[in-house]
Every structure is written in C-alpha cells, then in structure tokens.
Amino acid sequence: MMNWRRYATIYAALWRNSVVREMSFKGNFILWVFVEFLWFGLQLSFIGVIYLHTDRINDWTKWEVVLLIGASHFIQQIFQAFFLTNCTQLSELIRTGKLDFMLLLPVNTRFLVSLRQVDLGGFVNGSSAIAVMIYALKQLHITPSFGQVAGFLALCLSGILIHYSLMLLLSSASFWTVRAQGIVWGYYNLFNIARMPDSAFQGLFRAFFTFAIPMLLVSNVPAKLLLRHLQSPLEIVLLIGMSLVCFALSEFGWRFALRRYTSASS
C-alpha cells in the first residue's frame, strides 16, 4: 500500500508538470486540439460520402459506423493523452543519455518512461468522441444500460493497453537502432484500420489484424457491446486475452532490451 501511495504521489507531480508545460505554450495546445477536431470531422465526412452510395457496409448501418469511429477516436485520444508522447520519445532518451539518469532513480523505469508526460489535448478531443457516440446512439434509438457503459469503458481500457503495449514494444527497437520513430509512427498510422467494421474484412487480412496486430478488436468489440451486436461473449474474452498477451510481450521485450543496454556513454 505504501508503494502504491508513493507512485501515486510521483504521478501527481508528473501531472502538475504536464499542466504547467501545456499552459506555457497555450497557442500550441489550442492549435493541436483544433487539428485533431478537424481530422475527426474529416473522418466523419468520409463516412458520410460513402453512405451516399450504399445503405450498409456488410451489416453496419451509417450511424453504427459513426459510433464505431467515435469509439475508435475515444480510445486513440485517451491512449494519446497518457502514452503516445512518452513512447515516441524513448529513442531520444536513449540517444541523449537521459535514460541513464532514469535508471538511477529509485522508481520503476518503465513507469517513468511510460507516464512522465501527459497530453491534456487528448482529453479535450476524447470528449468530442463521446459527444459523437451519444448522438449516434440517439439516432439509433439505443439507450445503453449502466452495465453496457461500464463494460464499454472496461473494453476501451483493454484496447488502450493493446496500443500501449505494442507501441512500447516497437519503441524498444531504439536500444539497437539510432532512431525508431519511423516504426512507432508506422504503427500509429494503423489506427485507421481500427475505425473500420471488422466484417468488412475477410481472409488473411482479417486474421492478421485480429491475432497478430489486434487492431480490429480494439474498437469493434466495445462498439458492438453498445450496439448489442456481439455474436458471442468470446469476442470480449478475445479482446481481454489479447491485451494481456500484448502486455506480457511488451514486458518481456522491455526487460530483454534493458539487459542489453550499455548506456549512451559506452
């Protein structure tokens, strides 16, 4: 319990530092929020154009896909708020030698590397995703129960854990390369797949993005829970199971990389 309180105190200090940093550059904060709003609007506009020419994408109607995009955007923004900046900066910590200093601190290094900065704009943009989901549910005349909402949030956490685990695992390649931002941002671009209905994909592509890189699970399963489209409880089990597998792999990869780290001064 004392250990948990200690880490909570450390994390509160990291939050305060993040707030001070964001408020020191208000123009950058507002601009980034605006860009994310614009990008989200373009995604919704794209879906609107598609549904001018069809009524369904397989068994997904227009407003169901809008809710799916909202769920995907919500997961992405919360992940971005907590983890994206930290994962992408790992290579710089290694290159500049700042990781050496972190390894000497009496705290878990993965905790510090993963959570030292918070992107407050992610919470603002996540709220827009919630508004879109609520509007889509009203258009569908669906009122989710408390259990469905709680289950949705829990599944979103599983999706965020998948994104974090895989991105940290890819970022760990920085221990052997000069920079790994290309690999990390390449994974970030795969987020677009999570916005599409899983039933629109078949064969090897669907299998790969379900079991190798589980992008199709991240947003589809939480959205299906709200829409009452789950074909089987096994979809929930699969999402949670894959999140735990991805976290275990990231922990193994992180420890393996650290054991072979020789510091920037070597």
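All of the numbers you see were taken from the coordinates with simple rules; none came from a lab. Keep in mind the model is a prediction, meaning the values are calculated, not measured. Cβ atoms come from the backbone with ideal geometry, glycine included; neighbour counts cover every protein chain shown.
Summary table below
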| item | result |
| --- | --- |
| Given charges at beta-carbon only (K, R positive; D, E negative), |dipole| of the stretch 2-259 in Debye | 580 |
| Potential lengthening between Phe211 and Val237 on full extension [0.36 nm per residue; Cα-Cα distance subtracted] | 8.1 nm |
| Calculated FRET value between Thr61 and Met23, using beta carbons and R₀ = 41 Å, to 0.05 | 0.45 |
| Whole-Å distance, taken between Cα centres, linking the stretch 1-41 and the stretch 133-151 | 29 |
| GNM top mover of Leu105, Leu226, Leu68 - the chain, alpha-carbon springs below 10 Å | Leu105 |
| For the stretch 2-259, diffusion coefficient by Stokes-Einstein and Kirkwood Rh (Cα), 10 °C, 1.306 mPa s, µm²/s | 81 |
| Projected label distance in nm at Thr109 and Thr262, using a 7 Å step from Cα toward the beta-carbon | 1.5 |
| Trypsin sites (Lys or Arg not before Pro) lying in DSSP loop within the stretch 169-237, provided at most 10 other Cβ fall within 10 Å | Arg228 |
| Residue with peak Gaussian network fluctuation, the chain [Cα springs, cutoff 10 Å], from Gly241, Gly253, Gly203 | Gly203 |
| Net charge over other residues, Cβ less than 10 angstrom from the Cβ of Ala136 (K, R count +1; D, E count -1) | +1 |
| Mean shadow area of the stretch 1-104 over all directions, Cα convex hull, nm² | 10.7 |
| C-alpha center-to-center spacing [the stretch 215-230, the stretch 61-85] in angstrom | 12 |
| Relative exposure of Ser199, Ser171, judged by other C-beta atoms within 10 Å (fewest first) | Ser199, Ser171 |
| Of Ile47, Ile30, Ile94, the one that fluctuates the most in a GNM where the chain has Cα springs shorter than 10 Å | Ile30 |
| Mean separation of Cα contacts under 8 Å, 6 or more apart, over the residue count of the stretch 2-259: relative contact order % | 25 |
| Zone of Phe46's modelled label, taken as backbone nitrogen in the stretch 182-216 under 17 Å from a point 7 Å along Cα→Cβ | 186-201, 215-216 |
| 14 Å beta-carbon shell around Phe209, net charge (K/R +1, D/E -1) | +1 |
| Two-decimal log10 I(q)/I(0) for the stretch 34-184, as the Debye equation yields it once each C-alpha is a single scatterer, q = 0.11, 0.13, 0.15, 0.16 Å⁻¹ | -0.55, -0.72, -0.87, -0.94 |
| Under the span-like rule (Cα at least 20 Å along the axis, Kyte-Doolittle mean at least 1.0), DSSP H helices of the chain | 26-50, 146-171, 234-259 |
| Tail fraction, Cα-Cα pairs, the stretch 128-188, threshold 19 Å, whole percent | 53 |
